[in-house]
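For reference, the structure is listed below as structure tokens.
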Amino acid sequence: MGVFFWRYNLEPEFPLRVLEYEAAPDDLMHSHDYLEVALCLEGTGRFKFGQREDRIEPGDVFLIDNCEAHVAVADPNVRMRLLLALFLPEFLAAPGCRPFDSAYLTPFLDDGGGTRRIRHDSSLAQELVPILFELKTAAEGGNPSDRYLIDANLRRFLGVVIKRRGQEGPHSDSAADVQQ
């Protein structure tokens, strides 16, 4: 199976887009130059990352880096909808930025474990999903000043992930919230 480069043109002055996507059983493996947060809104399936697969259930959140070949595949005869937040890394951390800003990208760094699935039944997902819906609402507003809320909600989402990972050691119960 080949991998194609999914070119999605984000606005240069605000390289972030929030959209809904319907996965199909025959979607193709791809990569892209933007980071991706995916929330399963409906349906079931699998997220494939090279030779590795993770189950997808409603409420699951995935953090996908900008180099990793992947695809979301719906189970046969199932409608699977995803809420996607797509953004270029420099949206949060432009070259030469403060180390603090660069740290917002750490949830996407590949530490050898591949992608990160945040299970729908975890306390972390319960905290993150409402933030993603706030991000979606702000993105649908259409008012240019809503961009401040979009930016703030993305940073808040990633800040919660960073905080929770920092508070919990690798052997804590909630460390299982993020499967690698």
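Tabulated values for the structure
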read-out	value
Subset of segment 1-24 [over 21 Å from LEU105 (Cβ atoms), open to solvent by 30 Å² or more (accessible area, probe 1.4 Å) and either in contact with a Gly (Cβ under 7 Å, 6 or more places away or on another chain) or among the aromatic types (Phe, Trp, Tyr) (or both)]	PHE4, TYR21
Meets criteria (crowded, with 20+ Cβ neighbours inside 10 Å, charged (D, E, K, R) and in contact with a strand residue (DSSP E or B) (Cβ under 7 Å, 6 or more places away or on another chain)) for ASP27	no
Index of the failed condition, ALA175 passing every other in (1) more than 20 Å from THR106 (Cα to Cα); (2) at pLDDT below 95	(1)
Residue selected from segment 122-172 under the condition under 18 Å from GLU20 (Cα atoms) and not in a helix (DSSP H, G or I), by the criterion modelled with the lowest pLDDT	GLY142
Number of positions in segment 32-67 that are more than 13 Å from LEU83 (Cα to Cα), acidic (Asp, Glu) and in contact with a helix residue (DSSP H, G or I) (Cβ under 9 Å, 6 or more places away or on another chain)	2
Residue satisfying condition, being over 20 Å from ILE131 (Cβ atoms) and among the aromatic types (Phe, Trp, Tyr), within set TYR21, TYR8	TYR8
Residue check, VAL37 in contact with a Lys or Arg (Cβ under 8 Å, 6 or more places away or on another chain), open to solvent by less than 30 Å² (accessible area, probe 1.4 Å) and not in a loop (DSSP other than H, G, I, E, B)	no
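Results for (1) aliphatic (A, V, I, L, M); (2) in contact with a Ser or Thr (Cβ under 9 Å, 6 or more places away or on another chain); (3) at pLDDT 95 or above; (4) on the phi > 0 side of the Ramachandran plot, shown as yes or no for each residue.
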{"position": "GLY2", "(1), (2), (3), (4)": "no, no, no, no"}
{"position": "GLU13", "(1), (2), (3), (4)": "no, no, no, no"}
{"position": "GLY43", "(1), (2), (3), (4)": "no, no, yes, yes"}
{"position": "GLN51", "(1), (2), (3), (4)": "no, no, no, no"}
{"position": "ASP65", "(1), (2), (3), (4)": "no, yes, no, no"}
{"position": "ALA85", "(1), (2), (3), (4)": "yes, no, yes, no"}
{"position": "PHE100", "(1), (2), (3), (4)": "no, no, no, no"}
{"position": "THR106", "(1), (2), (3), (4)": "no, no, no, no"}
{"position": "GLY114", "(1), (2), (3), (4)": "no, no, no, yes"}
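The values are calculated or read from the model by the stated rules, or taken from the named source; none is laboratory data. It should be emphasised that the depicted structure is a prediction, and the values quoted were computed from it without experimental measurement. Reconstructed Cβ throughout: ideal geometry from the backbone, glycine too, with neighbour counts over all protein chains shown. Ligands, DNA and RNA are stripped out before the accessible areas are found, and what is left, the full protein with its side chains, is counted by its heavy atoms. Shrake-Rupley method; radii C 1.70, N 1.55, O 1.52, S 1.80 Å.
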